[in-house]
Amino acid sequence: MKNELHRKRFHITWRGLHRWLGLVMAMLMLVFCVSGLILNHRDLVSGCDVSRKLLPSSYRIKDYNNGVVRGTVKLGGDTVLLFGNAGIWLSDTSLADARDFNAGFPKGMDGRNVRNVVRTRTGELYAAAQAGLMRHDGERWRPVGLPGNTERVTDVALLPDSAGVLALTRSDVYVKSANDTVFRNVGLKAPAEAKNEVTLFKTVWNLHSGQLFGLPGVLIVDALAIVLIFLSITGIVIFILPYSIRRSAVAKVKRQAGWLKWNFRWHNSVGRWTIGLTLLIAVTGACLRPPLMVPLALNRSRAIPGTTLDHDNFWHDRLRAIRWDGMSGRWLLSTSEGFYTVDEGFHAAPESSGAKVTPPVSPMGVTVFEEMEPGKWLIGSFSGMYVWDMRSGRIHDWFTGQEYRKKKMGPPISDHLVAGFTRDVSGFTRDVSGGNNIVVFDHYKGAVGLPEMPEELSRQPMSLWNVALEAHSGRLYDSLLGPVSVLFIFLAGASCVLVLVSGWKMARRMKKKRDFV
C-alpha cells in the first residue's frame, strides 16, 4: 500500500511537472536555442536584418530613440553627420532631412553600428563601427587595417594635434600620426595594481556561450543547443501524438504509434546522456540576469588557467572608450575596471584616475564621453549622465543637478538610459536641452522636442543578431511581462532545470522498472 501511494505521488509530481511545464519550456527553449546559435556566430548573420514592424512597438524608431543617434560631427556650415545604430547619415543642424551616408559599409545593419566618428584637422573622416575602423575617401567608406587585430573597434579619437588618429579595440590601442601610413599597436602596459582576475559573472557568461574554451567550446555549446532543440521538438510530439492517435482512423494508428515510440525512445536516450551538460547550460543562463548576476558581478576570482580569460594582455576585453584631456595633458581611458589616465605616448602604465569617486557607468559602457570645458567631463551611459569636475573631484547628476554620492549597491541602469548627445542641432524646444546647447538622446524616449524624424531614417531595420540578443536576454518580452520581466531569464532557467531533472527522474525510474521485470 505504501509503495502504491509512493508511485501515485511520483506520477502526480514528476510526470505532471515534466509534461505541462515541459510543454511551455519546449516552446521557449526553441527561441533560446535558435537565438543562442545566432549570437555565437555573428559574422554568419551580419548581413541579415529584421523589419521593426515585426517587433514590439518599443523597437520602432521614433523621436531618435533606440540608439539611432549616438552623436554628431559638424562638417562645416550647417552640415552635420549623425551616427549611431542605424549607421551614418548626412543632415543639417535643423535635422529637417537625412541622407544615407553609408556607402562602403558591408550589407546589413549590424556592420553599420557606429560607436564614434571623428574628423581630423585635414578633413579626414574616421568611424569606429562594428564592421571595424573605417575611413571615408571622399566618395565612400573604406576599411582600415589594424595589424594583428581580430576584435571589434570600440572607439576612435583624435590625437592632441587633431591630425593623427587613435583607434581603440576591446584589448589594444592603435595610433597613426599625421606622418604615418599605417596604424601601430602601442602595447598598452598593465597598471601597477594589475591582477589576473575577472568577475565571476564574466566567467559564467563565457562558460554559457562556450567562449571560455575558444572555438571548441563554442561548437560544444552549439551542439548542446541542437540537442535541446531536438528534446523540445520530440517532447512536443510526445505530448501531441496521443491525442491524435485517439482520433485517427485505424489505418493511421499503427504508423503514428511507431512514430510516437521512436520519439519517446530517442527523447529519453538523448536526454539521459546529455543531462549534465544541458543542466550546466540552464544553470549558467539563469545566472546571467537578476538576481543571481548581482553577487557574481561583485565578486572576482583568478582567471581559469588555459581559458580565453587567462590572457597575457591585462587589458584583454576591458577597453571601452578614450579621450584626450587637455587640462592634464593625458589620455582619459574608460574601461570595465573604471577610469584610468595614461601619458600622451603610452610610455608608462596607465594609472587609476585618482578620484575617490567616479561617475557610475553601465556595464554596457559609456555612450557620452565629452569634455565640456577644461577639466570638466560629461559622462553618460545607461546609468544616467553626470558632470565630472576632475579638478575638484565633485560629480553632479546632469538631469537633477544634485551631487552624486557613491552607492554600495544598486541597479546597473537608471531612469535615464542615455544613448547619446549632440551640441550641433538647432531649433529644438527647451525640453530636450540642459544648457550649453546640449540635446540628450534617451534609449527609449529619444529626444522629444526635435523636429519630426526623416521618414527614411525611421524605417531602418534591426540586425538579426540584435533581435536574437533581445530574445535571448528576455528584453523582447518586456511589454508583455511588465515588472516580472527582470526575473524572466532566472525563472526560465529554473524552470528548465526542473524539466530536465523531472525527465531524468522519470527515465531513471522507468529503467529500474524494466530492469526489475
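The values are calculated or read from the model by the stated rules, or taken from the named source; none is laboratory data. Quick caveat, the model's predicted, so the values are computed rather than measured. Note that each Cβ is placed from the backbone with ideal geometry, even for glycine, and that neighbours are counted across all protein chains shown. Accessible surface areas use protein heavy atoms only, side chains included; no ligands, DNA or RNA. Shrake-Rupley method; radii C 1.70, N 1.55, O 1.52, S 1.80 Å.
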Task: Enumeration of residues in the range 164-201 that are outside any loop (DSSP other than H, G, I, E, B) and open to solvent by less than 50 Å² (accessible area, probe 1.4 Å) - done: 165, 166, 167, 168, 169, 173, 174, 175, 176, 198, 199, 201
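Go through the range 350-363 residue by residue and tally those that are outside any loop (DSSP other than H, G, I, E, B) and of a type in the set (Gly, Ala, Ser).
Residues of the range 350-363 that are outside any loop (DSSP other than H, G, I, E, B), as a first pass: 351-352.
From what is left, the residues that are of a type in the set (Gly, Ala, Ser) are 352.
Matching residues across the range 350-363 total 1.
How many residues are within 18 Å of residue 42 (Cα to Cα) and either over 27 Å from the mean Cα position of the chain (by Cα) or not in a loop (DSSP other than H, G, I, E, B) (or both) when one looks only at the range 93-127? Spell out the reasoning first.
If we filter the range 93-127 for residues that are within 18 Å of residue 42 (Cα to Cα), which is where we start, we get 105-115.
This time we only want the ones that are either over 27 Å from the mean Cα position of the chain (by Cα) or not in a loop (DSSP other than H, G, I, E, B) (or both), so: 110-112, 114-115.
The total comes to 5.
Residues in the range 334-349: is at least one assigned to a helix (DSSP H, G or I), more than 27 Å from the chain's Cα centre (by Cα) and at pLDDT 95 or above?
In the first step, residues of the range 334-349 are kept if they are assigned to a helix (DSSP H, G or I); the result is none.
So far as the range 334-349 goes, no, none of its residues is assigned to a helix (DSSP H, G or I), more than 27 Å from the chain's Cα centre (by Cα) and at pLDDT 95 or above.
How many of the residues making up the range 218-256 are among the small types (Gly, Ala, Ser) and touching a residue at least 40 places away in the same chain (Cβ under 8 Å)? Spell out how you get there, then give the answer.
First, the residues of the range 218-256 that are among the small types (Gly, Ala, Ser): 223, 225, 232, 235, 244, 248-249, 251.
From what's left, touching a residue at least 40 places away in the same chain (Cβ under 8 Å): 225, 232, 235.
Selection size over the range 218-256: 3.
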Open item on the list: Residues that are more than 23 Å from residue 206 (Cβ to Cβ), surrounded by fewer than 16 Cβ atoms within 10 Å (Cβ to Cβ) and in contact (Cβ under 8 Å) with a residue 24 or more places away in the chain: does the range 301-323 have at least one?
Closed with: no
TODO: Please go through the range 364-375 and pick out each residue that is touching a residue at least 40 places away in the same chain (Cβ under 8 Å), more than 21 Å from the chain's Cα centre (by Cα) and assigned to a strand (DSSP E or B).
DONE: 370, 371, 372
Open item on the list: So the check is Cβ under 6 Å with 6+ separation or different chains; which pairs have a first residue in the range 35-52 that's under 12 Å from residue 107 (Cα atoms) and a second one that's acidic (Asp, Glu)?
Closed with: 46/110
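Only one residue in 234, 154 is hydroxyl-bearing (Ser, Thr, Tyr) and under 30 Å from residue 22 (Cα atoms). Which one?
Values: 154 fails: under 30 Å from residue 22 (Cα atoms).
The unique qualifying residue is 234.
Is there a residue being modelled with pLDDT under 90 and either open to solvent by less than 40 Å² (accessible area, probe 1.4 Å) or outside any helix (DSSP H, G or I) (or both) anywhere in the range 247-255? Lay out the reasoning, then the answer.
Residues of the range 247-255 that are modelled with pLDDT under 90, as a first pass: 247-255.
Applying the additional criterion that residues be either open to solvent by less than 40 Å² (accessible area, probe 1.4 Å) or outside any helix (DSSP H, G or I) (or both) yields 248-249.
Yes, there is a match, as at least one residue in the range 247-255 is modelled with pLDDT under 90 and either open to solvent by less than 40 Å² (accessible area, probe 1.4 Å) or outside any helix (DSSP H, G or I) (or both).
In the range 136-163, how many residues are in a strand (DSSP E or B) and either open to solvent by 10 Å² or more (accessible area, probe 1.4 Å) or aromatic (Phe, Trp, Tyr) (or both)? Steps first, please.
Initially, the range 136-163 is screened for residues in a strand (DSSP E or B), giving 136, 141-143, 153-158.
From what's left, either open to solvent by 10 Å² or more (accessible area, probe 1.4 Å) or aromatic (Phe, Trp, Tyr) (or both): 136, 141-143, 154, 158.
The number of residues fulfilling the criteria is 6.
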- [ ] Give the residues of the range 56-81 that are touching a helix residue (DSSP H, G or I) at 6+ places or on another chain (Cβ under 7 Å) and either open to solvent by less than 30 Å² (accessible area, probe 1.4 Å) or assigned to a strand (DSSP E or B) (or both), sorted by residue number.
- [x] 59, 61, 66, 68
TODO: Return yes or no: is residue 237 in contact with a Gly (Cβ under 7 Å, 6 or more places away or on another chain) and surrounded by 12 or more Cβ atoms within 10 Å (Cβ to Cβ)?
DONE: no
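Are any of the residues in the range 258-265 out of contact with any Gly (no Cβ under 7 Å at 6 or more places or on another chain), farther than 24 Å from residue 501 by Cα and either in contact (Cβ under 8 Å) with a residue 60 or more places away in the chain or open to solvent by 30 Å² or more (accessible area, probe 1.4 Å) (or both)? Give the steps one after another, and end with the answer.
Initially, the range 258-265 is screened for residues out of contact with any Gly (no Cβ under 7 Å at 6 or more places or on another chain), giving 258-265.
Of the ones still in play, those that are also farther than 24 Å from residue 501 by Cα are 258-259.
From the residues that got through so far, the ones that are either in contact (Cβ under 8 Å) with a residue 60 or more places away in the chain or open to solvent by 30 Å² or more (accessible area, probe 1.4 Å) (or both) too are 258-259.
Yes, that holds for at least one residue.
Within the range 333-340, can one find any residue that is among the aliphatic types (A, V, I, L, M), surrounded by 15 or more Cβ atoms within 10 Å (Cβ to Cβ) and in contact (Cβ under 8 Å) with a residue 24 or more places away in the chain?
For the range 333-340, residues among the aliphatic types (A, V, I, L, M), surrounded by 15 or more Cβ atoms within 10 Å (Cβ to Cβ) and in contact (Cβ under 8 Å) with a residue 24 or more places away in the chain: absent.
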TODO: Would you please name the residue that is nearest to the chain's Cα centre (by Cα), looking only at residues in the range 439-495 that are of a type in the set (D, E, K, R) and closer than 23 Å to residue 285 by Cβ?
DONE: 470
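For residues in the range 416-442 being hydroxyl-bearing (Ser, Thr, Tyr) and in a loop (DSSP other than H, G, I, E, B), which is modelled with the highest pLDDT?
Within the range 416-442, the match that is modelled with the highest pLDDT is 426.
Just checking, does the range 209-218 include any residue being in a helix (DSSP H, G or I), open to solvent by less than 60 Å² (accessible area, probe 1.4 Å) and of a type in the set (S, T, N, Q)? Before the answer, list the steps.
Taking the range 209-218 as the starting set, the residues that turn out to be in a helix (DSSP H, G or I) are 209, 211-218.
Those left that are additionally open to solvent by less than 60 Å² (accessible area, probe 1.4 Å): 209, 212, 214, 217-218.
Retained after the next criterion (residues that are of a type in the set (S, T, N, Q)): 209.
Looking through the range 209-218, at least one residue is in a helix (DSSP H, G or I), open to solvent by less than 60 Å² (accessible area, probe 1.4 Å) and of a type in the set (S, T, N, Q).
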- [ ] Mind telling me which of the residues 90, 133 ends up being open to solvent by 20 Å² or more (accessible area, probe 1.4 Å), assigned to a strand (DSSP E or B) and not basic (Lys, Arg)?
- [x] 90
Open item on the list: Going through 457, 481 one at a time, which residue ends up being at pLDDT below 95, surrounded by 20 or more Cβ atoms within 10 Å (Cβ to Cβ) and part of a helix (DSSP H, G or I)?
Closed with: 457
Open item on the list: Can you pull out every residue in the range 292-333 that is part of a strand (DSSP E or B) and over 22 Å from residue 364 (Cα atoms)?
Closed with: 302, 325, 330
TODO: Could you grab the pairs with beta carbons closer than 8 Å, sequence gap of 6+ or different chains, first residue in the range 56-72 and of a type in the set (A, V, I, L, M, F, W, C), second one open to solvent by 30 Å² or more (accessible area, probe 1.4 Å)?
DONE: 61/52; 61/458; 61/459; 68/85
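With respect to residue 34, determine if the residue is at pLDDT 95 or above and under 18 Å from the mean Cα position of the chain (by Cα).
Details: at pLDDT 95 or above: yes; under 18 Å from the mean Cα position of the chain (by Cα): yes.
For residue 34, the condition - at pLDDT 95 or above and under 18 Å from the mean Cα position of the chain (by Cα) - is met.
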Open item on the list: Can you pull out every residue in the range 376-386 that is within 17 Å of residue 403 (Cβ to Cβ) and either part of a loop (DSSP other than H, G, I, E, B) or of a type in the set (S, T, N, Q) (or both)?
Closed with: 383
Open item on the list: Quick check on the range 276-285. Is at least one of its residues open to solvent by less than 40 Å² (accessible area, probe 1.4 Å), hydrophobic (A, V, I, L, M, F, W, C) and within 29 Å of the chain's Cα centre (by Cα)?
Closed with: yes
